[in-house]
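Right, one structure below, let's go through it.
The values are calculated or read from the model by the stated rules, or taken from the named source; none is laboratory data. Everything numeric in this text was worked out from a predicted model, so none of it was measured. Here the Cβ positions follow ideal geometry from the backbone for every residue, glycine too, while neighbour counts run over all protein chains shown.
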Amino acid sequence: MSGITFDLDRPEVVEQLAGIKFNSDGLVTAIAQDVDDNEVLMLAWMNAESLRMTLEEGRMVYWSRSRQELWRKGDTSGERQFVREAYYDCDADALLFKVVQEGGGACHTGERTCFHRSFG
């Protein structure tokens, strides 16, 4: 399986990437949402490099704050995510990726979504 890729040399994409607002740690939140049923699978972080890699490869690449390294989703677990659509919000400080989730789930606990617990 593969995801869609983006031409990062296209002027409009260059301009869009330049407008992304990373926080003081150089990170931006990234939400992965199932492209078929719109279920939110997970929230993670990206730096400029992981965002570029995600758009170039069509596969989700995050920045691990705990390990301080790039993290290609599924390299060790097999729970890979393939990009189908990519968006940024009105303030350009949050990203949304609609993905195909390969494997049983997105959460490191084995659950389909990281949002499997509810209050109350």
Item to complete: Could you grab me the full set of residues in region 87-107 that are in a strand (DSSP E or B), over 10 Å from the mean Cα position of the chain (by Cα) and over 15 Å from Thr5 (Cα atoms)?
Response: Tyr88, Ala94, Gln101
Worksheet, complete the sentence: Checked Arg52, Arg84, Arg80 against criteria (in contact with a helix residue (DSSP H, G or I) (Cβ under 9 Å, 6 or more places away or on another chain), at pLDDT 95 or above and charged (D, E, K, R)); the one match is Arg52
Discussion item. Out of Gln81, Gln101, I need the residue that is surrounded by 17 or more Cβ atoms within 10 Å (Cβ to Cβ), over 26 Å from Asn23 (Cβ atoms) and polar (S, T, N, Q). Which one?
Written reply: Gln101
Item to complete: Only residues that are closer than 17 Å to Glu102 by Cα and part of a loop (DSSP other than H, G, I, E, B): list them for region 24-74, please.
Response: Val35, Asp36, Asp37, Asn38, Glu39, Gly58, Met60, Lys73, Gly74
Worksheet item: Name the pairs: first residue in region 21-42 and closer than 12 Å to Leu95 by Cα and hydroxyl-bearing (Ser, Thr, Tyr), second residue in a loop (DSSP other than H, G, I, E, B) and modelled with pLDDT of 95 or more, Cβ to Cβ under 8 Å, at least 6 apart or on different chains?
Response: Thr29/Asp93
Worksheet entry | Qualifying residue in region 93-112 (condition: at pLDDT below 95 and of a type in the set (A, V, I, L, M)) | yes
Fill in: Filter result (within 17 Å of His108 (Cα to Cα), buried (at least 19 other Cβ atoms within 10 Å of the Cβ) and not aliphatic (A, V, I, L, M)) within region 24-57
Gln33, Trp45
Worksheet item: Which one is nearest to Val13 (Cα to Cα), of the residues in region 58-78 that are among the charged types (D, E, K, R) and surrounded by fewer than 18 Cβ atoms within 10 Å (Cβ to Cβ)?
Response: Arg72
Discussion item. Kindly evaluate Thr113 against the criterion of being farther than 17 Å from Leu8 by Cβ, assigned to a loop (DSSP other than H, G, I, E, B) and in contact (Cβ under 8 Å) with a residue 60 or more places away in the chain.
Written reply: yes
